[in-house]
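So the structure is just underneath, and the comments pick up after that.
The values are calculated or read from the model by the stated rules, or taken from the named source; none is laboratory data. These numbers come from a predicted model, not from an experiment. For neighbour counting, all protein chains shown are included, and Cβ atoms are generated from backbone atoms with ideal geometry for every residue, glycine included.
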Amino acid sequence: MKKLLALIFFLGIFLYIGQKINISKYLENKENFQDQKEKQIIVYEESVITNVVEKSLPSVVTIGVNTIISSGDYFEIDPFNLFSPFRRIPGRQEKIEKNIGSGFIVSEDGLIITNKHVVSDTNAKYQVLTNDKKKYNVEKIYRDPLNDLAILKINGSGFKPLELGDSKNLKLGQLVIAIGTPLGEFTNTVTSGIISGLGRGITAGSPFEGFVEKLDNVIQTDAAINPGNSGGPLLDSKGQVIGINTAIASEGQNIGFAIPVNTVKDLLEKFKKNGMSFSRPFLGIRYKMIDKQTAILNDIVEGAYIIEVVADSPASKAGLQEEDIIIEIDGKKLKSDDDQELAKVISEKKVGQIISLKIWRSKEIKNINVILEESK
């Protein structure tokens, strides 16, 4: 009996020691597995970013401006001339050449997308600097007055366009990569982050051009975006463009914004449909679609609610006002569930065409005719 108890005792000790060893090995293996997994994640993310950058850099450009600024006239005192002691001295004119923004190539024959506020000065001349250090003069500029977008045309062939993705199904937390020329100085700067928000409303502008514009439905990201990044691409992990870097929040850090790429795709489609023409009908309003539920809750009608009327635009000349709601265009009722409905209808019209609008103003229905003009 004593021998049996001793045997059970030693067997218990042996099993206990074995269990401790197994637990120790398990914990060690688990820790090694976790370390290996973290290393794999880091390496994977780095490889994704480096692959996207290598693929995209040849298509990203820097945009520069040539313009003349004047210091203004000033007066100088001439103590020896008692009858006319003040002498007018003409101000100096100085030629300025500097990089002001970014852009990216979207066609082999030299079409480039950037922000409108980057090329807002209609009297200036612009150049494009490609990744291989070649400089091209911008031959034509098409400016979109509503979406802060512009299409530039440079002469040449064999350019490498970036692939345009789809901004319709973006997810919060999705990895994004921004490429551009921050501060107009550091070309080919790469930053990365995530999508921090969707459907934001912002005011965009350029400190170089002194211009601001209100934009809706933009993408928010924490990827570092600075003045000079404007117009550059925001890319996903596949290297596809999902947005156009546009603005930063001056009150905070790591808050940047980009225009969804589907807006650019619509713009390019209309541009090519018109035979590569820069002529496009322009109404001159900012609006927000009012759906049926919102209309019922606010005792108003469905349609395009006018947020702003652009000064000296066709809409302004015809007498459209803020808070008017456009119900129909040429007898066609607007679809209240489509935010781009009014823009789509106008884009199908022609410059110089007279359109008939049925509007709701202060609970009354009015009919207004508008002559569409060419966008500038």
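The residues on offer are Asp121, Asp73, Asp78, Asp109, and the sole one that is among the charged types (D, E, K, R) and at pLDDT 85 or above is Asp109. Within the range 227-241, if we keep just the residues that are of a type in the set (Gly, Ala, Ser) and more than 15 Å from Pro58 (Cβ to Cβ), the residue that is surrounded by the fewest Cβ atoms within 10 Å (Cβ to Cβ) turns out to be Ser237. Scanning the range 283-319 for residues that are touching a residue at least 60 places away in the same chain (Cβ under 8 Å) and polar (S, T, N, Q) gives a single hit, Ser313. Would you confirm, using the coordinates I've provided, whether Ile306 is surrounded by 13 or more Cβ atoms within 10 Å (Cβ to Cβ), in a strand (DSSP E or B) and at pLDDT 90 or above? It is true that Ile306 is surrounded by 13 or more Cβ atoms within 10 Å (Cβ to Cβ), in a strand (DSSP E or B) and at pLDDT 90 or above. Summed over the range 323-360, residues that are out of contact with any Leu (no Cβ under 9 Å at 6 or more places or on another chain) and surrounded by fewer than 19 Cβ atoms within 10 Å (Cβ to Cβ) total 13. More than 21 Å from Ile151 (Cα to Cα) and out of contact with any Cys (no Cβ under 8 Å at 6 or more places or on another chain): does that describe Ala315? Against the criterion (more than 21 Å from Ile151 (Cα to Cα) and out of contact with any Cys (no Cβ under 8 Å at 6 or more places or on another chain)), Ala315 qualifies.
To keep it simple, each residue is scored yes or no on (1) under 14 Å from the mean Cα position of the chain (by Cα); (2) not assigned by TED's automatic domain parsing to the domain that holds Pro260; (3) not hydrophobic (A, V, I, L, M, F, W, C).
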site: Gly101; (1), (2), (3): yes, yes, yes
site: Asn115; (1), (2), (3): yes, yes, yes
site: Asp121; (1), (2), (3): no, yes, yes
site: Tyr126; (1), (2), (3): no, yes, yes
site: Thr130; (1), (2), (3): no, yes, yes
site: Asp144; (1), (2), (3): yes, yes, yes
site: Lys153; (1), (2), (3): no, yes, yes
site: Thr181; (1), (2), (3): no, no, yes
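Total residues in the range 287-301 satisfying the condition of being part of a loop (DSSP other than H, G, I, E, B) and closer than 26 Å to Leu267 by Cα: the figure is 1.
Of the strands (runs of 3 or more DSSP E) lying entirely inside the range 101-199, those carrying at least 1 residues that are among the acidic types (Asp, Glu) are 135-144.
For Ile154, are the conditions met, namely being within 19 Å of Lys98 (Cα to Cα) and at pLDDT 90 or above? It is true that Ile154 is within 19 Å of Lys98 (Cα to Cα) and at pLDDT 90 or above. Looking at Arg286, is it basic (Lys, Arg), surrounded by fewer than 16 Cβ atoms within 10 Å (Cβ to Cβ) and over 30 Å from Glu108 (Cβ atoms)? It is false that Arg286 is basic (Lys, Arg), surrounded by fewer than 16 Cβ atoms within 10 Å (Cβ to Cβ) and over 30 Å from Glu108 (Cβ atoms).
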